[in-house]
1. Please list the helices of chain B that count as membrane-span-like by this rule: a mean Kyte-Doolittle hydropathy of at least 0.0 together with Cα atoms stretching 24 Å or more along the helix axis, each helix being a complete DSSP H run.
2. If I take all pairs of Cα atoms in segment B:198-313, what percentage of them are more than 25 Å from each other?
3. Place +1 on the Cβ of every Lys and Arg and -1 on the Cβ of every Asp and Glu in chain A, take the dipole about the Cα centre, and give the residue among A:Q136, A:N201, A:I63 whose Cα lies farthest towards its positive end.
4. Which one of A:N162, A:P41, A:G72 is farthest out on the positive end of the charge dipole of chain A, using unit charges on Cβ (Lys, Arg +1; Asp, Glu -1) and the Cα centre as origin?
5. Can you pull the three principal axis extents for the Cα set of the protein assembly as shown, in Å, largest first?
6. Would you tell me the mean number of C-beta atoms belonging to other protein chains that fall within 10 Å of each C-beta in B:247-253, as a whole number?
7. Got a sec to turn the phi values of segment A:113-128 into Karplus ³J(HN,Hα) couplings, 6.51 cos²θ - 1.76 cosθ + 1.60 with θ = phi - 60°, whole Hz, x for Gly and Pro?
8. How big is the charge dipole of the protein assembly as shown about its Cα centre, in debye rounded to the nearest 20, if each Lys and Arg gets +1 on its Cβ and each Asp and Glu gets -1 on its Cβ?
Amino acid sequence: MKSGKKKNYNFIVGGTITGLMLIFIIIGFFYTPYDPNAMDPSAKFAGISLKHLMGCDNFGRDILSRVMKGAGTTLSVAAGTVFIGTFFGIILGAVTGYFGGILDEILMRVNDAIFAFPSILLALVFISLLGSGTYQVVIALGIAFIPSFARIVRSEFIKCKNMDYVKNARLQGAGHLRIMFVHILPNTFTVLLSAIMIGFNNAVLAEAGMSFLGIGVQPPQASLGRMLSEAQTYLFRAPNYAIFPGLVIILMVLGFSLLGDALKREE
Amino acid sequence: MKYAGKKLLTMFLTLFAVTLFVFLAFHVISGDPASSMLGTEATPARLEALREEMGLNDPVLVQYARWAGRFLTGDMGTSYSYRMPVSDMVTDKIPVTLTLTILAFFMMVLISIPLGIYTAKHAGGVIDRIIYIFNQIIMAFPPFFSGILITLLFGRIFKLFTPGGYISYEKNFWGFVGYLFFPALAIALPKAAMAVKLLRSSVIGEARLDYVRTAYSRGNRTNDVLYKHVLKNALIPVVTFLGMALTDMIAGSIIIEQVFSIPGLGRILLTSISNRDYPVVMAIIVCISLLVLVVNMIVDMIYGLIDPRISVE
């Protein structure tokens, strides 16, 4: 477990980045230097200055304020996505892994078929069925994320279901539900936590991609992907408009992926 | 051969399931195509006549079979918003998306395999450390942001290509490939970074095993052991990853096409989704699914070639 003298740099760096990003986002929920949607015609394409630390966009909106709000939106969508994926993934994986049999066979075949498809494509199918918008994106991405979690949980359950502590619980008269969720589930937490971090990482990227395509969060609500797609039109005039939102996405993903790596190594 | 047959059968079953799902889903939401086609001219009698003519009164499975049969002969239906055959809209876009994906795939392989082997061989060295940090950062890049940065860097500052200056493959094939070079790079880089990391850890993990020690003790040189023994086994998980990356790239090109204004499948897919032009959305999703399934099939075959144990099982 403990690697002795050598520190886990992934954990330290990843934790620091994620922590700083969380602080940045939480501040954004309560306070932004300007109203993120207020347009100031005199500040159109204002450069980087003390007044506007990241400059202003084509409507004269303060980019820093929009990035703060947008990062919050992106993180909330990612959290919703990961929650749906984990919740249903755990139930599916637990039931199929624990009971096995024909149900397991059928569900896992379906799971494999879904897993083979890129999650963006799946989400696009669901979006064209449900229409575009923030909640639709959460549901669509969430469904697309279920198979990967189900797989991980299932293999953990298969590993654990014949262990002594499970037999012991069974001898003491614990029911299936109790064994599954009180006895086995807590033992999968390390693996699950690392999967959740990787899930966050993918969800942030997927959300940004969807809003970049214009089918995620709808304007005027700020979202990092949306800002990037708007910034693209003015790329040569105001490169800072594209670079800052992009940088924030990269930092968020980097933090989560380093944490995920670190947790995997602990195991 | 039995292995190949089994895989082929699975592929067709999956294709059947996917198309049936897509058909049913769009059948439910798209409402009544007859009334949307007639619009204000709809009278109950004309609606009924058109429904009968379009076969909308038949059981759903019969309709599915008819749709699938037509699809196989290249008739993908009629677009609601453009009133033209979907096949005319889609077929000349497929080569664009396909070329972009294949180009990106080759770039990924060409970048990642040598780098992965190098970093594994020199694990712990300074260059390995630098590449590791670089890799982690590149992996965090959303492909569309790498696309934007590439446009800024190579299009604006170095002027190596004209942003937005797409050249059709029918006019000038090499110009077309040249324009796709940078978009492909934008797709390939993040995936290549992941592949390098995977190959590195796979080679290092394999090099700890007993047969490697034996190979050394018999007097083989490092390179011989690496290329003749270790790599063969270390590549197996990498092939799986490359296959998954390829299917991801097909979907990723949908996004990158928007960054570099390339008129491929992604462009019409997105406009059709916002126009609720279901026949077009359906056709494109089925086409992409088919591509994904074929790729998975090929990966399974390669898998069987590298590791004969799998095909026996």
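1. On the way: long enough: B:2-29 (41 Å, 1.52); B:94-121 (40 Å, 1.80); B:173-207 (44 Å, 1.21); B:231-259 (39 Å, 1.37); B:278-306 (42 Å, 2.39).
Flagged H segments are B:2-29, B:94-121, B:173-207, B:231-259, B:278-306.
2. Values: 3105 of 6670 pairs.
Percentage above 25 Å: 47.
3. The residue sitting most towards the positive pole is A:N201.
4. A:N162
5. That gives 82, 65, 58 Å along the principal axes, largest extent first.
6. Values: counts 4, 5, 1, 4, 9, 4, 0.
Shielding by partners across B:247-253 averages 4.
7. Using θ = phi - 60°, the values come out as 4, 5, 4, 5, 8, x, 5, 4, 5, 4, 4, 5, 4, 5, 5, 5 Hz.
8. On the way: 47 positive and 34 negative charges, 424 e Å.
Value, rounded to 20: 2040 debye.
Rule-based calculations on the coordinates, nothing more; no lab input. Predicted, not measured: the structure shown is a model, and the values here were computed from it. Virtual Cβ from ideal backbone geometry, glycine too; neighbours counted across all protein chains shown.
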